[in-house]
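Notes to accompany the following structure.
What follows draws every value from the coordinates through simple rules; no lab data is involved. All values reported here derive from a predicted model rather than from experimental measurement. FYI the Cβ positions are ideal-geometry reconstructions off the backbone, even for glycines, and counts take in every protein chain you see.
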Number of protein chains: 2
Amino acid sequence: DINVDLFESEMKWSEFKLNSDGMIPVVVQDYKTNEVLMLAYMNEEAFLKTIETGKMTYWSRSRNELWTKGLTSGHFQYVKSLIMDCDNDTMLAKVSQIGVACHTGKRSCFFQKVVEREYKETNPLKVFEKVYGVI
Amino acid sequence: DINVDLFESEMKWSEFKLNSDGMIPVVVQDYKTNEVLMLAYMNEEAFLKTIETGKMTYWSRSRNELWTKGLTSGHFQYVKSLIMDCDNDTMLAKVSQIGVACHTGKRSCFFQKVVEREYKETNPLKVFEKVYGVI
């Protein structure tokens, strides 16, 4: 079911506005549920590798090396779409996440509550997501 | 319907791992649809102001000033939840977005296609989102 055809990019790296480290932040989102999975960073090498392979590839700022997500864990992220924001300084990646995104074993890296306002989950989308989770 | 009760934070600014500019990136997501609206940055002042007011407040890197989103446009973002990631270096904000998030007038700042793989929108969630959009 996973398609690994090559991509062609409609934007060049040179069009992007880089942060002070020469990279762009990438918001990674599950293409089906819209859950935000993680934030990571790309340099040009990582961007080109992502386009070439269809697998999300970042620059690891801690290990200072190219990092194809899933290469050791098997938890690849297959690219569904890459979208730049209005300022050309941030990317949104919609992906098909194999396994989990977080090294803790959780699906998403975002799980530490800072504040939360209770709101009614009466919105039909949320109810449907629950049903969908069961399907 | 919009509640402006005060929040109490379960995490302190000093627990966060700041980037080289002394800030943290904040992924902003619509709390109902899970659409990613924008990425912005907070310093400590912006974080405290957000907690205090319940309205998303950032540090504008271009204007170099505190920026309560919506103060001039009316397009406030009311906090529903703030969640830190596993590394304590990125925040996810779920918000109730008044009007639009982007200065271009679009709902989300992410609209410039880089690459896109066609995938079947047969997933019931997507179909439901369309229905929900009509409701």
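The loop-placed chymotrypsin sites (Phe, Trp or Tyr not before Pro) in the stretch A:59-105, going by DSSP, include none that has at most 16 neighbouring Cβ atoms within 10 Å of its Cβ. With its label point defined 7 Å out from Cα along the Cα-to-Cβ axis, residue B:89 lies at 1.9 nm from the matching points of the other copies, in increasing order. FRET efficiency for the residue A:15 to residue B:68 pair, using the beta carbon distance and R₀ = 25 Å, is estimated at 0.25.
Starting from the label point of residue A:13 at 7 Å along Cα→Cβ, the same points in the other copies fall at 3.6 nm, in ascending order. Placing a label point 7 Å from Cα along the Cα-to-Cβ axis, residue A:104 is separated from the same position in the other copies by 3.4 nm, shortest listed first.
First select every other residue whose beta carbon is under 13 angstrom from the beta carbon of residue A:25; then total the charges, Lys and Arg +1, Asp and Glu -1. Please report the intermediate quantities before stating the final value.
On the way: positive: A:17, A:61, B:61; negative: A:21, A:85, A:87, A:89, B:21, B:85, B:89.
Result for the neighbourhood of residue A:25: -4.
Counting neighbouring beta carbons within 10 Å and listing from fewest to most, the residues A:18, B:37 come out as A:18, B:37.
The two copies B and A are related by a rotation, and the chain B beta carbon nearest its axis, with distance in whole angstrom, is B:34, 2.
From the Cα gyration tensor of the stretch A:42-85, with a ≥ b ≥ c the square roots of its eigenvalues, which class applies: rounded if a/c is under 1.5, or else prolate if a/b is larger than b/c, or else oblate?
Taking the square roots of the gyration eigenvalues as a ≥ b ≥ c, the stretch A:42-85 is oblate.
A rounded overall shape is assigned to the stretch B:1-96, the ratio a/c of its alpha-carbon gyration tensor axes (a ≥ b ≥ c) being less than 1.5. Per residue of B:16-26, other chain Cβ atoms within 10 Å of the residue Cβ number 2 on average.
Distance cut-off 29 Å, Cα to Cα: go down the list A:69/B:55; A:12/A:55; A:49/B:94 and report the pairs above it.
Those over the limit are A:69/B:55; A:49/B:94.
In loop segments of the stretch A:9-72 as defined by DSSP, the GluC sites (Glu not before Pro) with at most 16 further C-beta atoms inside 10 Å of their C-beta are A:10.
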